[in-house]
Each structure stands twice: as C-alpha cells, then as structure tokens.
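Input: a single structure, listed below in structure tokens.
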Amino acid sequence: MFDSLSTKLDRAFKTLKGQGSITEINVATTVKEIRRALVDADVNYKVAKEVTDKIKEEAMGRDVLISVSPGQLMTKIVYDELTELMGGEKQDIVIKGEPAVVLLSGLQGSGKTTFAGKLASYLKKQNRSVLLVACDVYRPAAIDQLKVLGEQVGVEVYSEPENKNPVQISQNAIEYARKNSKRVVIIDTAGRLAVDEQMMNEIEAVKRAINPSETLFVVDSMTGQDAVNTAKTFNDRLNFDGVVLTKLDGDSRGGAALSIRAVVEKPIKFISTGEKMEALDMFYPDRMAQRILGMGDVISLVERAQQQFDEEEAKRINQKIRKNQFNFDDFLSQLEQIKKMGNLKDLVGMIPGMGKAMKDVEIDDDAFKPIEAIIKSMTPKERAQPELLNGSRRRRLAKGSGTDIQQVNNLMKQFEDMRKVMRTMNKMSQTKGGMQQMA
Ligand code: GDP
C-alpha cells in the first residue's frame, strides 16, 4: 500500500541530510518534492498545497536536535501534518437508538455490500444482535449476494424481493427488527455506476424516512480524485456522518485517504483491505500517516528524542561544536542524554533497516560504563583540554577507572576522530555559507 508515495517522500527527506538546521534554503526543495509526491499520489492539488505550506511553516528555523537528523525531524513534521489532515483523532461509528440504524450509500462496485457483511460481523462480535437489510430493488443478484454474506457471518438478512419501494422496505425492516429484538439494522442500498439523480433522490428519501443514527458513504480508494468528487456529491445531498474507504489492499495511491477529510470535512471511520469478512479496520489517522510514510519507527525515535532531549543543552553543544570547543564534559553530557532515551538496543532497532541487522547482536546497556568511568577519572582541566592527556596521565586514568591503557587510548582516539569530523563539518558549512553569500 502506498509504496510509491512512501518512496518519494523518503527521497524528499534525504535531500535534507547532513544539514545543521532546517532553513528556508534547504526546506524549499524538500517541501516542493513532498508536494509533488502528494500530487502524484492523487492528492487534490489545493489540499497538497495547503498541507505543504503548513509543513514549511512548522519546519522553518527548527533547531535540529543532535540526536536526530534533519531528515528524521522533517519526517516527524510531515507525519504530524498528515495525521491532522486525515482528522487527527480516530472517530467511532455511532450506534444509537432502538434499534440503531446504519444506512450505507455509495456507487455500485464500491464495496458497499461487502462492507455491510463486514460491519455486521464486527458488531455481532460486540454481542449486538444485527439485522442486514437488502434494499437494492434493481439487482436481484444484490439480494442474493447479501444473503450469502449474512450466512457467512451468521447474521439474518431481511429482504422483500417483490417490493420495488426502498423506503417501504427499510421501514418494514426496522419494524421487523423491533419485533425480533434486533438492536442494529444495517441497510444496504442500491448503487449506480455513476452518480445519478434518481439514485440520489431514492437514498435521500430513505434517509428522511428512517432517520438513521449513522449514514456511511462507501468509496473505492483506487478511484483517487474521483473518490473525492463522488464523496462531495453524496455529502451535499446526504450530509453523511462518515466515510468507509475500501480496497486499500490494492495499489491505491493514497490520494483519497489524504484528501477526503479535507474536502468534505467528514471523518473516515473504517477501511477495508480485502474481500474476506475479517478485512475491516477502524481508521486511525496517525497509523495511516505512519503507513504512508513507511517509517513509523523513525517517528517514535524523534518523539522520544523530543521528549527527552534538553533543547537548551543541544543548542549549547551545537555552539561548542561550531567553535571547535567540544570537550570531554560535552561528551559525557551527550552520553547522559542518550542513556535517558532508554534501552540502547531498542533505540538502534528504531533506525530504519537496523532493526533486522541488529537482531542477533548483543548490545550491552553497560557499554558506556568504562567510557564514563574514564571520563569521570579526569580532572576538570583535563576534560576541558583533552590535549593535556599525555602518557602518564592516561596511565593514571586507566588505574583510576578500573580499565586498562588500551581502553583509554581507544577512547582518546575515538574522541579525536570525532573532533576531526566536527572540524571538517564546520569548515564545509563555512565555505558553503561563504559561497551562498557570494552568489
Ligand atoms: P457494491 O456494488 O458497492 O455492493 O460492491 P461489492 O461489495 O459487490 O464489491 C465489489 C467488488 O469489490 C467485489 O468483487 C468485492 O469482492 C470487491 N471488494 C470489496 N471490498 C474490497 C476490498 O476491500 N478489497 C478488495 N480487494 N476487494 C474488495
């Protein structure tokens, strides 16, 4: 699902790699790519523009946390905005009344009858007594189809094959439900291949006559922008309560899921991902955003980092790196921050692609202990000026920390390598800054 959208978004995030903070210059290209990816995925252009403008506004000037890359931070920002776009919170179906009546609408072939069976099965599992009603007066096969599904999920189906009046059938069905202690009535109506006036009049009349507690609009997600347009037409006439997005198991490009809420201002309540009766899911905007981005783990990583990391401290360290003053005190403070984020193996597992690779590798949470012991054996002056650490001082550190000279030398080498990388990065950003000023 949404493979191509995920890939394109991922590529957009990668363009931010290695940048120290998100600025107007580096965000512009990324945002443009995100917008293109959304439009390619059949997201309504206006919606794509609105959401990317918001993403840009959110991202601008954000200091990048030391613990996450700008690309990762951007992923989180996009995730938040996509979640919001799809409605933020999960919205439940409303089952209210004696009996509660659920009216299903949608075009022919959208998956309405299949969904009727799934919803019946879902509600039955909640110990409710359900009645399915076949109200398609044009296709006798539709009645049979519902009967087969009803049998499959163990729910009674009400039909009047000779009656051609859907208003009457649905009223009779509700009466029947009352007499037979059915608590929920699900009405499957007739669809057409395209929106047509007679169909609209008919379902409008049914709705007026039975006053359902929930009217759902069922739509095939593979139809992209058409799905959004049809939703708008149905909503203008029916003022429905929620949307059911079907066939998300196919190669749907995601546009419908992303645009419907913004265009019709009604929540998606269910998604259907297959022909089997079990393939029904509640719609969670946040989970859907994660699936679209295909990188749920990065999002939890950034969230954790944002919760745990001290922004002020991150800024301070950033300054020191810029001035080539990063020392062992800063190193120790960084270790503390990383440790606060929790189990090391969990953290590594959250980095995309790393989880599997690290599955069998033992990562000891005590891995930092000798390093900390060595740094803590240094005098404040040594921590601030690591170049003071000559041979005899290093031997003293090994003894004081209960490690050996090899471990101390290793740490010194790692630290020196780190500083070298930082110096190179600084030089590069200075030259780049200089060139930008000249341009
Ligand atoms: P209706 O005309 O709106 O009642 O649509 P149907 O329920 O008859 O569904 C039309 C076709 O789509 C049938 O072949 C269903 O099996 C199929 N279908 C329905 N929902 C899904 C789904 O979520 N995934 C897939 N792959 N097929 C579905």
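The values are calculated or read from the model by the stated rules, or taken from the named source; none is laboratory data. Since we're looking at a predicted model, the values are computed, not measured. Ideal geometry is used to build each Cβ from the backbone, glycine not excepted, and the neighbour counts take in all protein chains shown.
Taken over region 116-172, the criterion of being away from the ligand (no atom under 12 Å from the Cβ), closer than 25 Å to GLU204 by Cβ and among the small types (Gly, Ala, Ser) is satisfied by ALA120, SER159, SER170. Only one entry in ALA209, ALA194 is small (Gly, Ala, Ser) and either touching a strand residue (DSSP E or B) at 6+ places or on another chain (Cβ under 7 Å) or in a helix (DSSP H, G or I) (or both), namely ALA209. Inspect region 182-193 for any residue being without any contact (Cβ under 8 Å) to a residue 40 or more places away in the chain and within 22 Å of MET277 (Cβ to Cβ) and give the result as yes or no. For region 182-193, residues without any contact (Cβ under 8 Å) to a residue 40 or more places away in the chain and within 22 Å of MET277 (Cβ to Cβ): absent. Applying a threshold of 6 Å to beta carbon distances and a minimum spacing of six or more residues, or different chains, the list of pairs starting in region 210-221 at a residue that is within 14 Å of CYS135 (Cβ to Cβ) and ending at one that is surrounded by fewer than 22 Cβ atoms within 10 Å (Cβ to Cβ) and of a type in the set (Asp, Glu) reads THR215/ASP241.
Each row is one residue, and each column tells you yes or no for (1) more than 34 Å from the chain's Cα centre (by Cα); (2) within 19 Å of GLY106 (Cα to Cα).
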| residue | (1), (2) |
| --- | --- |
| PRO161 | yes, no |
| ALA177 | yes, no |
| LYS182 | yes, no |
| ILE186 | no, yes |
| ASN201 | yes, yes |
| GLY224 | no, yes |
| ASN235 | no, yes |
| ASN239 | no, yes |
| LEU248 | no, yes |
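Evaluation of GLY109 against the conditions (1) surrounded by 15 or more Cβ atoms within 10 Å (Cβ to Cβ); (2) within 19 Å of ASP196 (Cα to Cα); (3) within 15 Å of the ligand (Cβ to nearest atom) shows that the sole unmet condition is (1). Do we have any residue at all in region 35-57 that's in contact with a Phe, Trp or Tyr (Cβ under 8 Å, 6 or more places away or on another chain), surrounded by 24 or more Cβ atoms within 10 Å (Cβ to Cβ) and either within 21 Å of ARG261 (Cβ to Cβ) or modelled with pLDDT of 90 or more (or both)? Yes. When the residues of region 260-273 are filtered to those that are crowded, with 17+ Cβ neighbours inside 10 Å and not in a strand (DSSP E or B), the one that is farthest from the ligand (Cβ to nearest atom) is ALA262. For ALA134, the test of being surrounded by 15 or more Cβ atoms within 10 Å (Cβ to Cβ) and of a type in the set (A, V, I, L, M) is passed. For LEU280, indicate whether it is at pLDDT 90 or above, within 16 Å of the ligand (Cβ to nearest atom) and either of a type in the set (Val, Ile, Thr) or touching a Phe, Trp or Tyr at 6+ places or on another chain (Cβ under 8 Å) (or both). In short, no.
Here region 334-359 is the region considered, the condition is being within 30 Å of GLU382 (Cα to Cα), surrounded by 14 or more Cβ atoms within 10 Å (Cβ to Cβ) and not hydrophobic (A, V, I, L, M, F, W, C), and the residue that is modelled with the highest pLDDT is GLN334.
If you go through region 226-259 and keep only what is within 16 Å of the ligand (Cβ to nearest atom), of a type outside the set (A, V, I, L, M), crowded, with 24+ Cβ neighbours inside 10 Å and assigned to a helix (DSSP H, G or I), you end up with just PHE234. Across region 143-160, the number of residues qualifying as among the acidic types (Asp, Glu) and part of a strand (DSSP E or B) comes to 1. For first residues located in region 102-114 and in a loop (DSSP other than H, G, I, E, B), partners that are aromatic (Phe, Trp, Tyr) and more than 6 Å from the ligand (Cβ to nearest atom) and lie 6+ apart or on another chain with Cβ distances below 6 Å form the pairs GLY106/PHE217. All conditions but one from (1) surrounded by 16 or more Cβ atoms within 10 Å (Cβ to Cβ); (2) within 13 Å of ASN324 (Cβ to Cβ) apply to GLN385; the one that does not is (1). Of all positions in region 62-82, none carries a residue that is modelled with pLDDT of 90 or more, in contact with a helix residue (DSSP H, G or I) (Cβ under 6 Å, 6 or more places away or on another chain), farther than 30 Å from ASN180 by Cα and assigned to a loop (DSSP other than H, G, I, E, B).
Pairs please, first residue from region 270-294 and on the phi > 0 side of the Ramachandran plot, second anywhere and part of a loop (DSSP other than H, G, I, E, B), Cβ atoms under 7 Å, 6+ apart in sequence or on different chains. From residues that are on the phi > 0 side of the Ramachandran plot, the pairs are GLY274/ASP249. Here are the criteria: (1) closer than 20 Å to GLY109 by Cβ; (2) surrounded by fewer than 24 Cβ atoms within 10 Å (Cβ to Cβ). Tell me which single one ASN211 does not satisfy. With (1) closer than 20 Å to GLY109 by Cβ; (2) surrounded by fewer than 24 Cβ atoms within 10 Å (Cβ to Cβ) applied to ASN211, the lone miss is (1). Would you confirm whether or not region 211-220 contains a residue that is farther than 25 Å from PHE234 by Cα, of a type in the set (A, V, I, L, M, F, W, C), within 16 Å of the ligand (Cβ to nearest atom) and assigned by TED's automatic domain parsing to the domain that holds ASP249? Checking region 211-220: not a single residue is farther than 25 Å from PHE234 by Cα, of a type in the set (A, V, I, L, M, F, W, C), within 16 Å of the ligand (Cβ to nearest atom) and assigned by TED's automatic domain parsing to the domain that holds ASP249.
Of the set (1) within 20 Å of LYS269 (Cβ to Cβ); (2) within 12 Å of the ligand (Cβ to nearest atom); (3) of a type in the set (S, T, N, Q), all apply to GLN91 but (2).
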